[in-house]
Each structure stands twice: as C-alpha cells, then as structure tokens.
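Asks: Below are the structure tokens for one structure; questions will follow.
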Amino acid sequence: MKITLDWLSDHIDTDLDPATIGARLTMAGLELDALIRLDEGLERVQVGRLVTVNPHPNADRLTLCQLQVGEETLEIVCGARNHRAGDKVAVARVGATLPNGMEIQLGQIRGVTSHGMLCSLKELGLASEADGVLILPAETPEGMPIAEALGKNDVVLELGITPNRGDCLGVRGVARELAALTARPLRPLTVEPVAITAPEAVAQVRLEDPTGCPRYAGRVIRGVKIGPSPRWLQNRLEAVGLRAINNVVDITNYLLLDLNQPLHAFDLARLQLPVVVRRARDGETLRTLDGVERTLTGAMTVIADGARALAVAGIMGGEESGVTETTTDIFLEVAFFDPIMTARTGRRLELLSESRYRFERGTDPEGIPLVMEKATGMVLELAGGEAGPVTLLDGGSWQTPGAILYRPERINRLGGIEVSIEAMNTFLTALGCQVTPVTGDASCFSVTPPTWRHDLRLEEDLLEEIIRLYGYDRVPTSLPRVPAAPPAPDPTRQLTDRLRTLLVGLGYQEVIDFAFVSQGSQKRCNPDATPLALLNPLSEEQAVLRTELSAGVLECAQRNINRGNSRLRLFETGRVFLQQPDGTLREQERLAGMIGGLAEEASAHGSARGVDFFDLKGDLETLLAAVTGTAPVFVSGGPALLHPRRKSGITLADGTPLGWMGQLHPGEMEALDLKKEVYLFELELTPLLTPVESRENAPQSSRFPAIQNDFTFLMPLRTPAGEVTREVQSVEPALIRQAQVTAIYTGSGVPAGSKSLTISLTLQADDRTLTDGESKALAEQVIERVERCFGASLRQ
C-alpha cells in the first residue's frame, strides 16, 4: 500500500516528518516497508525562461541558449530542437546529479562554456523515452524548483498491511490510524449531495444475487467529456504506481486508493439496460480488461445487462463495456461484494486486481452513498455532464457489527498493562467505535465497532487495539511464573522411544515419511480400506492419508534397494488414519519395518547370505520379549501383500492381535521392480502399552536341576509348529519351562503329506528336583495331548 505525505495531509493535519510517521505506524502494526522521496535527484533542477535561442557558432546541430533562472542569467548549450525563446524549461544546474545518475558539470562544448543542461522527461526520470526538452506551461514561475512545478515535492510511504486490516488499504484509513496514535483530529469527510439535473436518467438495476452482492448502487451521468485528468490527479496516481488513463477512469482509481472503495464506470451506450447483478451461467465467457477471455461458473457473481456479462463482480470489468474517448454517457457503480465469494472467484480465474484485493478483505457497506456522491461530484467537475438519481439496492444479507462486551479490568489483566478506563474509551472512540456503559454494571462497557472494521468481533480484539494505541513498547516486560514440575510421562512416547532404541541396537535405521501416500501404494498395502483423500494434494504421490504404515516404508525400501544398498534394515513409527463407518477418523499408533539384501557379508569365514523369514522373526522375538517380558506368538495370517506361504500373524501371549510379518509377494516384487527379497512387518502399539510386570515380581531362576526330553512326532504337513509348542507348554506350565522345535524333516521315510517334527522339552520345578516318575508322567501327558490335538503319532 503506497500513500504520499501530501495526500495524507488531505485527511489529517500533522507536523510530523515522514520518518516519524512511519515509525509510529510501524509500532501500531502498519509496517513501513519503504520511504521514497519523489524529488530525489531533482534538488538542483529549476524552472528557467529561454531569453534567446541562437545557433551555436561552431556546430550546426546545437543551439546556444540564454536563460533567466530566478535572478540569474545562464548560458547553456543544447542539442534539442523543440524549444524557442520565451519557453519555460527545466534547467539542471552545475553540481546536480539527476535521477538517471548523470552528473552536471561546467564544461566546454565546441568552444563554448555550458553552465548546465536543459532536461527532458527521460533525464528527469519521469519517462522511459522523450523527444526534446520538457516545455512547461507559460505561467510556471521562473526559478521554481522543478519538483514543485511538477508536483514531485512529496514523499511516498510504502506500508505493509496485514490481511486483517483491510480498512487501511485507503489513505483515509491510514489517516484514521495516525489520528488515533497522535491524538490529532481527523479532518471531517463530508460530501454534499450533487444536484440531480437529469431526473429522467434513472439507473435501472436488478439485484438477483444478494449473497454475492449484499449492497449495490448505480447512477447514470449523461454528457460527460472524456479527456486527460488534471496534473494534480495524474501526479497522485503516478506517485503510487498507477498510470493515468482518462478523467473518469482516473477518478474511480483515485477514490479506490483514497477511501478504500473500488468503483467501476461503464459506457452506457454499450449497455442493454437494466443492469443485472446475478450468478454467471456455467460456461459463460467474458473478455476482461486485461484482454483475456475467461470462462465463468455458476458459483461466480457477475454484473450483466440484458444480453451478456459485463464484469466479474468485485474483480475486473469487461473489455466491451469500458469507458473510452468516445464515451458520452456513463453508468457509475459502487457496491459491496461478499469477501469470501470474491476471493474464491479470483483464485479460480487466477485474476488479481486492486479491487479484488480490497473486496476480499472487506470494505465499508455503509460508505457506499458517500463514495457515490464524492465520485459524482468529481466527474461533474472534471468531465462535466448531468447526474441522474442514485439507485441503491440492499440485499439484506450483510449485517452491521454486533456489540462487544468489554471489561477494562480484564483488558489490563490480560495485557499486563495499567491503563485508565477513560484512556481505553478514548482509544476506542478514536478508532470509530461507539462506547456505551452497561446499565447496572459500572465495570463493563458495550462497544459497537465501525462498519469498516470487519476484524473486531471479540473482547480480545479490543485488547489488541488498546495495546496498539497505548504502545507495545510501553508494555512491561516480565517472565511468566510457570510451575517447575516436570510434565506427566506420555506412555505412548515412552514406548516408541524404547522401541526406537531397541531397533537401532538390532541394526535398523529409522525413516520419517509423510502421512500422505499415493493411491497405488495404499491399494497395494490395504486394498479393502477407504482412505481419506486430500482435496488439494501436493502431488499424486501424496493424495491420500495412509491406513498402513508399511506403505511408506515399502516406498523407501524400493528407492534404496534400486540404488544399490546391499544391506537394508528400516523402521518407522507413526500414525495411520482409519475411516470409521460413522464418517469419523480414528488415528492409531503403529510400528512398521523391513529387511532386505544381505544378512551377512562375504568374508574369510563364509560366503554372503541373504536375509530370510527367520532373520525378521528373530528380530521381532527379541524386540517384543524386551518390551512385554514374554515371547510373541506367531499364528496363521497376514495381508495379501505378503507371500502366501511365508507370512504370519503376530499376537501377544494372551492372544491379543498385534500385527503381521512376512515376505513381500512375488507379484508385488515384480510390480515394484525389486530384484531382492524384502521382508516386512507392521505392529499396532496400543496392546504394548499394558504395563509390564516389574523385575522384582518376575520369576526367578530355579536352583534345582532341569531335565531335557526330546520327542519326535509324525503329523500332517500343514500343522503349524508354533501351535504344537504352545499346546505342549499348556500341559503343565509350572513345570514345562520351554518347548522348542529342534528339527523338521520331510523326505525319505516320511509319508507324503506329512512331516517329522522334533520338540525338545525343558522340565524344571522351583521347589524340588523332579523324579523320574514325574518326568515320565509329564512325557505321557505331552504325547497324549499332541496325538489327540493334531492327529500326530510318536515316531519310534
């Protein structure tokens, strides 16, 4: 947002210098980004009158000029041809450094001393190209600084306005802030209604979209004369970076910057009345003022006539209905457009404009009549014409700001300040708020914000305003008193930290991935799940929230293996996101990992060996035994992602489901272009949060000797060995300390469809040495249980 000091003085009388004004505004939240002097480089350039213009005695293409500059007469050699005696010109004195960097020195030109230079607009930094020196109006006083003559004796303040302060996107709003900060009065903004000299020129308007346009005003002005704007208006627009176009368009741009109210002028001869504020039709097209053909949708508000759309409401007008040099009658529009709809339309059309920038931050709907009268008055003054009556339509879908209950005692407590009630009320009143006491409670006040402040909704908003005007630098600095008690331990974090430590000790590396994965990765790991899709994903590779942690681990494994990592052990802890039948989203903590490549490198002691199922199984047994105190149980199960014969479900000793492990399915390996076998696991962490029995209560080693018994059974080939060992231990858990499979054999001597399974039992009591009779009785029970439960027979 750019404003000039001279423009600001139209609204507030201040004796502060520009740097001080910038500092005060910065401390109030309107940060000064730059301070630009428009007269920089013009300090030693003055207005001079050409007394004589004679040919140079030694050059055909040069002239020798005598000039009167104030009380001095100067002789200057000039190469231009567009000047003559009596003209007023811009004279750069010796010692001047012009905006383009040129230094003016006393010099000899073809034997004649030149005491300066006659300047063009290009040399003054006011144009990119120029043909001849600048000729000034005849009434320009001799000796006047050129900056004053051209309206460049001003300073531009460039302010950074935060999105919540749309009210400061006009000079009036900045002046209002400065008035409140300095306790100086704001110049009253009063505009007398113009005389209606064309009562028959009624603005015909129909408001069909009150949601997109809650308030709309239109007026017809006949008989205008389009031409250039006066120099003061052009200077102001150019100073803040806008190009002057013509008097009517410049007036609309001027008031946009002055009062923060965008306007638009249509060429009435190009309209088929009435003007209609409506929703666009799907597929409707409009060529905007920037020359781009735009396709509209039914969610966009447009200004239209009986035949077509004329403008994108609140953003940009159409090329076909704009004001040109042939325009004689205009339709002037001042409106309030819905901020959210304006922002959405602008984003969808990828269309930026000064109007959109203001409407999407909120303008003042109550200020529309005043702006209409101000604009009409300027048009009549600068372009002539006759004004018709104003048509003002209210859609009823906008509301005035509601009253806010404010308690000065709470303001002081929350802000850490000590400000009197009178001072607080003065601050708020200076911002345009209406402050009234609450009947029956002297400690409370009711504050009604002005209609231009859309950001004041809560008591905390008033606190911010009071502190801004009181001064952030005056708020005492003090450290908060915070109890030094340590935070309560988080069981989930403690568990994940321990799992990380154990896995790193087993040779794994942790990976951290996005919670978003591609649709393909999601379907690969869990085709039955319905993941939550992102509305605006960063890419197709991050389109949905993961329901399986292994999806990201598998993608990471693919990248590493294909890049030649020969030994890979990875794990990740994190959350998955599961959609429930009622539409809610449940988050679940999980641990996933993988191994791939070599288990052992080739060495003098043996050849290289690739990882296999039992490497991963051993790691999980070690990990879970350390966490739970008991070995996990491996059962039939596992997702379709895994090899059908090399996978397993995992449960705790009490049967609580925990997760799965196994080899990646060969079909998936081929799809991912993996040349080496990959083994995966994924565990749910919630079952592991159950407190583990303390070491003091854990079973102690027995001092009595143990007995080893081995049994070899013949049983069906598909009988899970783990189920057999668990069943054996359940025969007498107090005495059977361990049941371990030591051999599995299929081949010669074993019937087809069967296998030979050898189990080694460790028998031991805590209070005595077991007798041969007890050992024999236990053996018989074990044999009977295995034969009965699994259809097995003892091999002799």
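The values are calculated or read from the model by the stated rules, or taken from the named source; none is laboratory data. Since the model is a prediction, treat every value here as computed from it, not as a measurement. All Cβ positions, even for glycine, are placed from backbone atoms using ideal geometry, and neighbour counts span all protein chains on display. The area values use the complete protein model at the heavy-atom level, side chains included, leaving out ligands, DNA and RNA. Shrake-Rupley method; radii C 1.70, N 1.55, O 1.52, S 1.80 Å.
Asks: Restricting region 1-20 to residues that are surrounded by fewer than 20 Cβ atoms within 10 Å (Cβ to Cβ) and β-branched (V, I, T), which is nearest to G160 (Cα to Cα)?
Replies: Looking at the filtered set, the residue picked out is T20.
Asks: What number of residues in region 345-365 are charged (D, E, K, R), more than 22 Å from V249 (Cα to Cα), touching a residue at least 24 places away in the same chain (Cβ under 8 Å) and in a helix (DSSP H, G or I)?
Replies: So the answer is 1.
Asks: Right, here's the next one. I want to confirm something. Restricting to region 642-680 and keeping residues that are more than 22 Å from G564 (Cβ to Cβ) and without any contact (Cβ under 8 Å) to a residue 12 or more places away in the chain, which single residue is least open to solvent (accessible area, probe 1.4 Å)?
Replies: Result: G667.
Asks: Filter region 526-548 down to the residues that are in a loop (DSSP other than H, G, I, E, B), within 22 Å of L680 (Cα to Cα) and not β-branched (V, I, T) and list them by number.
Replies: Residues satisfying the conditions are N526, P527, D528, A529, P531, R546, E548.
Asks: May I pose another question? Quick one: how many residues across region 521-568 are touching an Asp or Glu at 6+ places or on another chain (Cβ under 9 Å) and either of a type in the set (D, E) or under 16 Å from E668 (Cβ atoms) (or both)?
Replies: Going through region 521-568 one residue at a time, the tally reaches 16.
Asks: Any idea which residue in region 366-411 is farthest from V224 (Cα to Cα), counting only those that are outside any loop (DSSP other than H, G, I, E, B), open to solvent by 60 Å² or more (accessible area, probe 1.4 Å) and touching a residue at least 12 places away in the same chain (Cβ under 8 Å)?
Replies: If we take residues in region 366-411 being outside any loop (DSSP other than H, G, I, E, B), open to solvent by 60 Å² or more (accessible area, probe 1.4 Å) and touching a residue at least 12 places away in the same chain (Cβ under 8 Å), then E409 is farthest from V224 (Cα to Cα).
Asks: Scan region 502-515 and give yes if some residue there is assigned to a helix (DSSP H, G or I), at pLDDT 90 or above, farther than 30 Å from N412 by Cα and open to solvent by 80 Å² or more (accessible area, probe 1.4 Å), otherwise no.
Replies: yes
Asks: Among the residues of region 240-267, which ones are open to solvent by 20 Å² or more (accessible area, probe 1.4 Å) and assigned to a helix (DSSP H, G or I)?
Replies: Answer for region 240-267, where residues must be open to solvent by 20 Å² or more (accessible area, probe 1.4 Å) and assigned to a helix (DSSP H, G or I): V249, N253, L259.
Asks: Is there a residue in region 696-716 that is touching a Ser or Thr at 6+ places or on another chain (Cβ under 7 Å), β-branched (V, I, T) and at pLDDT below 90?
Replies: Taking every residue of region 696-716 in turn, none turns out to be touching a Ser or Thr at 6+ places or on another chain (Cβ under 7 Å), β-branched (V, I, T) and at pLDDT below 90.
Asks: I'd like to verify a number: residues in region 425-478 that are exposed (fewer than 13 other Cβ atoms within 10 Å of the Cβ) and farther than 21 Å from P401 by Cα, how many?
Replies: Here the count works out to 11.
Asks: Do you know which residues across region 178-229 are within 37 Å of the chain's Cα centre (by Cα) and among the β-branched types (V, I, T)?
Replies: Answer for region 178-229, where residues must be within 37 Å of the chain's Cα centre (by Cα) and among the β-branched types (V, I, T): T182, T211.
Asks: So, one more: Scan region 735-763 and report the pairs whose first residue is within 22 Å of A779 (Cα to Cα) and open to solvent by less than 30 Å² (accessible area, probe 1.4 Å) and whose second residue is assigned to a strand (DSSP E or B) and basic (K, R), with Cβ atoms within less than 8 Å and a gap of 6+ or a chain change.
Replies: That search, which allows pairs on different chains as well, returns T762/R737; L763/R737.
Asks: List every residue pair whose Cβ atoms lie under 6 Å apart, where the two residues are 6 or more positions apart in sequence or sit on different chains, the first residue falls within region 593-617 and is at negative phi, and the second residue, located anywhere, is part of a loop (DSSP other than H, G, I, E, B) and of a type outside the set (A, V, I, L, M, F, W, C).
Replies: G596/K676; L598/S566; A608/E601
Asks: Among the residues of region 417-428, is any more than 26 Å from V276 (Cα to Cα), part of a loop (DSSP other than H, G, I, E, B) and without any contact (Cβ under 8 Å) to a residue 40 or more places away in the chain?
Replies: Looking for residues that are more than 26 Å from V276 (Cα to Cα), part of a loop (DSSP other than H, G, I, E, B) and without any contact (Cβ under 8 Å) to a residue 40 or more places away in the chain, one finds at least one in region 417-428, hence yes.
Asks: From the residues in region 106-142 that are aliphatic (A, V, I, L, M) and touching a helix residue (DSSP H, G or I) at 6+ places or on another chain (Cβ under 9 Å), which one is most open to solvent (accessible area, probe 1.4 Å)?
Replies: It comes out as L126.
Asks: Take the residues in region 271-297 that are under 27 Å from the mean Cα position of the chain (by Cα) and open to solvent by less than 30 Å² (accessible area, probe 1.4 Å); name whichever of them is nearest to D338 (Cα to Cα).
Replies: L296
Asks: Restricting to region 559-617, name every residue that is under 38 Å from the mean Cα position of the chain (by Cα), open to solvent by less than 80 Å² (accessible area, probe 1.4 Å) and among the acidic types (D, E).
Replies: Residues satisfying the conditions are E572, E589.
Asks: Here is a follow-up. Taking the condition of being free of Cβ contacts under 8 Å to residues at least 12 places away in the same chain and crowded, with 16+ Cβ neighbours inside 10 Å, how many residues in region 143-193 meet it? Break it down stepwise before answering.
Replies: Going residue by residue through region 143-193, those that are free of Cβ contacts under 8 Å to residues at least 12 places away in the same chain are 148, 188, 190.
Pick out the ones that are also crowded, with 16+ Cβ neighbours inside 10 Å and you get 148.
Matching residues across region 143-193 total 1.
Asks: A follow-up question, please. I'd like to verify a number: residues in region 5-47 that are under 29 Å from V69 (Cα atoms) and either under 31 Å from the mean Cα position of the chain (by Cα) or in a loop (DSSP other than H, G, I, E, B) (or both), how many?
Replies: 8
Asks: Name the pairs whose Cβ atoms lie under 8 Å apart, with the first residue in region 57-74 and surrounded by 12 or more Cβ atoms within 10 Å (Cβ to Cβ), the second of a type in the set (S, T, Y), and 6 or more positions between them or separate chains?
Replies: Partner pairs satisfying both residue conditions: C65/T52; Q66/T52; Q66/T73; L67/T73.
Asks: Restricting to region 193-208, and then to whatever is part of a loop (DSSP other than H, G, I, E, B) and either in contact with a helix residue (DSSP H, G or I) (Cβ under 7 Å, 6 or more places away or on another chain) or of a type in the set (A, V, I, L, M) (or both), can you tell me which residue is nearest to L332 (Cα to Cα)?
Replies: Applying the first criterion (part of a loop (DSSP other than H, G, I, E, B)) to region 193-208 yields 193-204, 208.
Then keep just the ones that are either in contact with a helix residue (DSSP H, G or I) (Cβ under 7 Å, 6 or more places away or on another chain) or of a type in the set (A, V, I, L, M) (or both); that gives 193-196, 198, 201-203.
Numbers: P193: 15, V194: 14, A195: 16, I196: 15, A198: 14, A201: 12, V202: 12, A203: 9 Å.
Going through the qualifying residues, I end up with A203.
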